[in-house]
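Peer 1: Sharing a structure with you now.
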Amino acid sequence: MQELKVRFKEKADQVSAEIKGILKEHGNRKIGEVTLSQIYQGMRGMTGLVSETSLLDANEGIRFRGYSIPELQEKLPKAKGGSEPLPEGLFYLMLMGELPSEEDVHEITSILQRRSHVPNYVFDTIESLPLHTHPMTQFVVGIMALQTESAFSKRYAAGMNKKDYWDAAFEDSLDLLARLPRIAAYIYRRKYKNGDHIQPNGLLDWAGNFAHMMGYEDESFKELMRLYMTIHADHEGGNVSAHTTHLVGSALSDPFLSFAAGMNGLAGPLHGLANQEVIKWIMEMQKELGTETPTKEQIAEYVQKTLSNGKVVPGYGHAVLRKTDPRFTAQMEFGKKHMPDAPLVNVVWNIYDVVPPILQSLGKVKNPWPNVDAHSGALLVHYGMEEYEFYTVLFGVSRAMGVLASLCWDRALALPIERPKSVTTESVKMWLEGKDEIWGE
Ligand code: HAX
C-alpha cells in the first residue's frame with residue numbers, strides 16, 4: 001500500500017507539472033467558448049447555470065431578485081418591535097420574485113409552523129451517532145432520515161406525470177424548511193446541553209422559534225438569527241452548496257437527497273465550514289499570544305505565520321466577489337449597534353484592518369477582502385454560543401431557503417439533467433499537438 005501511494009504521488013507530481021506548463025503556454029486557448037485555464041481552474045468566470053433567486057455582482061455583492069441586503073433590511077416585513085427582516089419574507093421574495101406583504105409573510109410563517117413536526121425516528125437516528133460526531137454530519141444524517149417523508153419520491157414511484165414534478169418538489173421543500181430548525185436545535189441541545197431539549201413555541205416566527213429551541217431567549221439574539229438567516233440564504237447558483245443541490249436535483253433526486261448533498265458541500269472548509277474555522281483560528285491566536293485582545297502588529301505576525309504554514313486565512317477571499325462582502329458589512333453594522341465593545345467583535349474589526357494588505361502583497365490572491373464567514377462567529381460568541389463546530393449548521397438552515405426556492409424553479413421550468421463534458425489531460429495534449437479534435441471545439 002505504501003509503495004502504491006509513493007508511485008501515485010510521483011505520477012501526480014509529474015502530471016501536475018505538465019498541466020502547469022500547458023496552462024502557462026496555452027491557458028488562453030479555447031475549447032468551444034471557454035479557455036483551457038477555466039477548464040482546469042474550477043470553471044471560474046464560466047456562465048453555465050440558471051438560478052432565478054439571486055445574482056452576484058463582483059463589486060456590489062449579492063442581490064436577491066434585484067434587492068441588495070440594505071434594501072431588504074428596509075423593505076421586508078419585520079417581527080413586532082424588531083428591525084431586522086423576517087427570513088420568511090426573503091423566502092417569499094426568492095420564490096415569487098416580488099416583495100411580500102405582511103400577510104404573505106404571516107402565511108409562510110404559519111405554513112412552516114403547521115408542517116414542523118419531526119418524526120421520532122429521525123431523532124433516534126441522530127441519537128445512534130456518537131456524541132463527538134461533527135454537527136454537520138449529524139445534520140445531514142437527520143435530513144437523510146427524514147427523506148422517508150418525501151412526497152416527490154413516493155409520487156415518482158407511483159408514476160407521477162412530469163408536469164407535476166414542481167408540485168411534489170414544492171411540498172417537500174416547505175416540509176424541509178419547516179423541520180430543519182427543529183433538527184438543528186435538537187443536535188445543538190444534544191451535543192452541547194446534555195440533551196436537555198426545548199419544545200417549539202408555536203407563536204414565534206421561524207428564526208425566533210429556532211433561537212428559542214436552541215435555548216436563546218434574548219430578543220436581540222432572535223434579531224441576530226433573523227438577520228443571519230436572511231443574509232446566508234442564497235449567493236446565486238454556482239457556489240458549492242447551491243450548485244450541488246441543483247445538480248443532484250437535476251437527476252430528479254428528491255429535495256431531501258438534493259439538499260443533503262448540498263449540505264455535504266457546505267461542510268467543506270473553503271465554503272460554509274469557514275465560519276467555524278474563523279473563530280477556531282482567532283481562539284488559537286489568542287491562546288498562543290496569551291491575550292484576548294491582540295494588537296494589530298501581533299495579528300499581522302500571526303497572519304504571516306498562518307500563511308507560511310501553508311494555510312489560508314479563513315474568512316478572507318472569494319471566487320467571485322472582489323470587494324468587502326456586504327454580508328460582512330451587515331453583520332458589522334449589527335455589531336456596532338448591539339455590542340460595540342464586545343472584545344471578540346473588536347478583534348474581528350482589527351483583523352479587517354490588517355489582513356487585506358497582507359493578502360494583497362502576496363500578488364496572487366484575487367480578493368483580499370472579508371467574506372460572510374469572517375464576522376458571524378464573533379456575534380454568536382457575544383451571546384454565549386461558543387460552540388463553533390455548530391456554526392455551519394446555522395448557515396445550512398438558512399441556505400435551505402435559497403437552494404430549495406431554486407429547486408422549485410428548476411422543476412417548474414423543467415430544467416434537464418445537468419451533464420457537462422469533461423476532458424483528460426492526455427486528450428488535451430493530443431489536441432495541442434494537432435493529433436486529435438476535442439468535442440465542442
Ligand atoms: N488566505 C490565503 N491564501 C488565499 C486566500 C486566503 N484567504 N484566498 C485565496 N488564497 C490563495 C489561494 O489559495 C490560491 O493560492 P494557490 O495559487 O497557491 O493555490 C491563490 O490565492 C488564488 O486564489 P483565488 O483565485 O484568489 O481564490 P479562489 O477563487 O481559488 O478561492 C476561496 C476562493 C474562497 C476558496 C479562497 O479565497 C479561500 O480559500 N479563502 C479562505 C476560506 C474561506 O474563507 N472560505 C469561505 C468563502 C466564502 C464562502 O463560500 N462561504 O461559505
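Peer 1: How much of VAL365 can a 1.4 Å solvent probe reach, expressed as accessible area in Å² and rounded to 10?
Peer 2: 50
Peer 1: Evaluate the charge dipole of segment 46-152 about its Cα centre and quote only its size in Debye, nearest 20, assuming +1 on the Cβ of each Lys and Arg and -1 on the Cβ of each Asp and Glu. Mind dumping the intermediate values first?
Peer 2: Working: 7 positive and 15 negative charges, 31 e Å.
Approximately 140 debye in magnitude.
Peer 1: Run the numbers for THR148 and ASN59: contour at 0.36 nm per residue of separation, minus the present Cα-Cα distance, in nm. Kindly include the intermediate steps, with their values, before the conclusion.
Peer 2: Numbers: separation 89, 0.36 × 89 = 32.04 nm, distance 4.26 nm.
Separation in residues times 0.36 nm, less the Cα-Cα distance, equals 27.8 nm.
Peer 1: With labels modelled as points extended 7 Å from the Cα through the Cβ direction, what inter-label distance (nm, one decimal) is found for MET1 paired with ALA412?
Peer 2: Output for this residue pair reads 5.1 nm.
Peer 1: So with the 1.4 Å probe, I'd like the accessible area per residue for the chain, rounded to whole Å².
Peer 2: Counting only protein heavy atoms, the per-residue value for the chain is 47 Å².
Peer 1: While we're looking at this one, here's another question. Quickly estimate the mean residue ellipticity at 222 nm for the chain, helices only: each DSSP H run with n ≥ 4 gives -39500 (n - 2.57), and the total goes over all residues, rounded to 500. It would help to have the intermediate numbers written out before the result.
Peer 2: On the way: 20 runs with 262 residues, N = 441.
The helix contribution divided over the chain gives -19000 deg cm²/dmol.
Peer 1: How big is D for segment 79-135, in µm² s⁻¹ as a whole number, if Stokes-Einstein is applied with the Kirkwood radius of its Cα pairs at 4 °C and 1.567 mPa s? Write out the running numbers ahead of the final one.
Peer 2: Working: Rh = 14.1 Å.
For the chosen part, D equals 92 µm²/s.
Peer 1: Among all helices in the chain defined by DSSP H, which have a length of 20 Å or more along the axis from Cα atoms plus a Kyte-Doolittle mean of at least -1.0?
Peer 2: Details: long enough: 2-26 (35 Å, -0.86); 165-192 (39 Å, -0.30); 274-289 (22 Å, -0.44); 343-362 (29 Å, 0.98); 391-412 (32 Å, 0.85).
Span-like helices, by this rule, are 2-26, 165-192, 274-289, 343-362, 391-412.
Peer 1: What does the charge dipole of segment 214-326 about its Cα centre add up to, to the nearest 20 debye, if the Cβ of each Lys and Arg holds +1 and the Cβ of each Asp and Glu holds -1? Walk me through the intermediate numbers first.
Peer 2: Numbers: 9 positive and 14 negative charges, 81 e Å.
Its charge dipole is roughly 380 debye.
Peer 1: I would also like to ask the following. Please name whichever of PHE170, HIS106, MET96 sits farthest to the positive end of the charge dipole of segment 94-176, dipole taken about the Cα centre and charges placed at Cβ: Lys and Arg +1, Asp and Glu -1.
Peer 2: Comparing the listed Cα positions along the dipole, PHE170 ranks first.
Peer 1: Given R₀ = 56 Å, FRET efficiency for ASP353-LYS9 by Cβ-Cβ distance, to 0.05? Let's see the in-between values first.
Peer 2: Numbers: r = 41 Å, r/R0 = 0.73.
So the FRET efficiency works out to roughly 0.85.
Peer 1: Between the alpha-carbon centers of segment 234-274 and segment 11-29, tell me the distance in whole angstrom.
Peer 2: 30
Peer 1: Stretched out fully, how many nm does the piece from ALA342 to TYR121 gain, at 0.36 nm a residue minus the Cα gap? Don't skip to the answer; put the middle values down first.
Peer 2: Details: separation 221, 0.36 × 221 = 79.56 nm, distance 4.12 nm.
Length difference between fully extended and current span is 75.4 nm.
Peer 1: Something else about it: What relative contact order, as a whole-number percentage, does segment 298-409 give when Cα pairs under 8 Å and 6 or more residues apart are counted? If you can, show how the numbers build up before the last one.
Peer 2: On the way: 95 pairs, mean separation 38.5, N = 112.
Reported relative contact order: 34 percent.
Peer 1: If you average the sequence gap of Cα pairs under 8 Å that are 6 or more apart and divide by the length of the chain, what percent do you get for the contact order?
Peer 2: Details: 609 pairs, mean separation 90.0, N = 441.
That works out to 20 percent.
Peer 1: About the Cα centre of the chain, what is the dipole size in debye to 20, counting +1 per Lys and Arg Cβ and -1 per Asp and Glu Cβ, all else neutral? Display every interim value, and only then the final one.
Peer 2: On the way: 46 positive and 56 negative charges, 188 e Å.
Charge dipole, the chain, about its Cα centre: 900 debye, nearest 20.
Peer 1: Given Cα positions, please report Rg to Rh for segment 183-330, the hydrodynamic radius being the Kirkwood one. Before the final figure, lay out the partial values.
Peer 2: Details: Rg = 18.5 Å, Rh = 18.2 Å.
That ratio equals 1.02.
Peer 1: Under the Kirkwood approximation applied to all pairs of distinct alpha-carbon atoms, what is the hydrodynamic radius of the chain in Å? Intermediate values should be presented prior to the final figure.
Peer 2: Details: mean 1/r = 0.0429 Å⁻¹.
Answer for the chain: a Kirkwood hydrodynamic radius of 23.3 Å.
Peer 1: Extension gain SER422-GLU301, at 0.36 nm per residue separation less the Cα-Cα distance, in nm?
Peer 2: Values: separation 121, 0.36 × 121 = 43.56 nm, distance 4.25 nm.
Length gained between SER422 and GLU301: 39.3 nm.
Peer 1: What nm value, rounded to one decimal, do you get for the distance between GLU74 and GLU288 when each label is placed 7 Å out toward the C-beta?
Peer 2: About 4.3 nm, to one decimal.
Peer 1: From a point 7 Å beyond the Cα of SER37 in the direction of its Cβ, which residues of segment 412-440 have a backbone N at a distance under 15 Å?
Peer 2: What the label zone holds, given the 15 Å backbone N cut-off, is no residue at all.
The values are calculated or read from the model by the stated rules, or taken from the named source; none is laboratory data. These figures come from a predicted structure and were not determined experimentally. When we count neighbours, we look across all protein chains shown, and the Cβ atoms used for this are built from the backbone with ideal geometry, even at glycine. Surface areas here come from the heavy atoms of the whole protein model, side chains and all, with no ligands, DNA or RNA. Shrake-Rupley method; radii C 1.70, N 1.55, O 1.52, S 1.80 Å.
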